[in-house]
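**Q** Pasting a structure here, questions to come.
Values in this text are rule-based calculations from the coordinates and carry no lab data. What you see is a predicted model; the values in this text were computed from it and never measured. Note that each Cβ is placed from the backbone with ideal geometry, even for glycine, and that neighbours are counted across all protein chains shown.
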Amino acid sequence: MTAQWRLARADDAPRIAALACAELGEYGEATDLYAERIALSAEGCWVLAADDGTVVGHCISHPWHRLAPPAMHTLLGDLPPSADCWYLHDVVVAPAARGTRAVECLLPILDDIATRRAIPVLALIAVGGADGYWARQGFIAAPGGAAGFGADAVYMERPVACPVDGTRTSGGIATAHPNPTTR
């Protein structure tokens with residue numbers, strides 16, 4: 001399978017919510033939350049579209065404050081004017097698109113966005129044992145920040161522009177190519 005990241009549109013919100021609920025269980029959120037994130041941070045919201053247009057992944061990200069991620073299932077209302085991290089709220093890749101290095105292709109795009117905004121780090125909450133995967137992408141566990149996300153949740157950060165092997169971008173759009181050696 002090949003798939004390409006593209007900016008999310010408002011009409012993608014229901015597909016994003018469906019994929020999040022299917023893959024993340026209790027961590028999946030409602031359509032209105034994803035619609036709000038797309039409206040507030042259009043440059044940070046992406047979908048991974050297969051050749052036939054099917055959404056097989058998404059990334060919802062936005063500027064925020066380090067060690068203080070937004071509570072789950074909560075609308076933001078607005079973004080902070082003085083953010084110090086680019087927060088990856090959701091990164092989901094459907095099973096059919098795993099092994100394509102999709103996330104590795106996405107991270108340089110997010111680095112570029114954060115760099116343009118003079119934001120020094122990417123941050124996320126790893127759940128379901130995903131902290132090992134994120135550590136391989138250069139993220140490091142930081143104490144605190146994961147309260148309210150479950151016992152196995154780990155708050156993680158990495159500096160922007162941290163090298164990730166195997167990525168290639170073209171015109172600001174990353175393309176994920178099949179590679180059975182990932183994950």
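**Q** Run the helix sum for the chain: -39,500 (n - 2.57) per DSSP H stretch of 4+ residues, divided by residue count, reported at 222 nm to the nearest 500 deg cm²/dmol.
**A** Mean residue ellipticity, 222 nm, calculated: -7000 deg cm²/dmol.
**Q** Would you please classify the overall shape of segment 84-135 from the alpha carbon gyration tensor, given that a ≥ b ≥ c denote the square roots of the eigenvalues, rounded means a/c under 1.5, and beyond that prolate means a/b larger than b/c while oblate covers the rest?
**A** Because a/c hits 1.5 or more and a/b fails to exceed b/c, segment 84-135 counts as oblate.
**Q** A follow-up question, please. Among A49, L106, V91, whose Cα lies farthest out toward the positive end of the dipole of the chain, if unit charges sit on the beta carbon of Lys, Arg (+1) and Asp, Glu (-1)?
**A** L106
**Q** Taking K and R as +1 and D and E as -1, what net charge do the other residues with C-beta under 15 Å from the C-beta of T31 add up to?
**A** Numbers: positive: R9, R15, R37; negative: D11, D12, E29, D32, E36, D90.
The answer is -3.
**Q** If you stretched the chain out fully between A39 and A141, how much longer would it get, using 0.36 nm times the residue separation minus the C-alpha to C-alpha distance?
**A** Additional length available on full extension: 33.8 nm.
**Q** Okay, moving on. Report, largest value first, the span of the C-alpha coordinates of the chain along each principal axis, in whole Å.
**A** Projected onto its principal axes, the Cα set of the chain covers 37, 33, 33 Å.
**Q** Now for a separate question. Could you line up Y87, Y133, Y27 from fewest to most neighbouring Cβ atoms inside 10 Å?
**A** Y133, Y27, Y87
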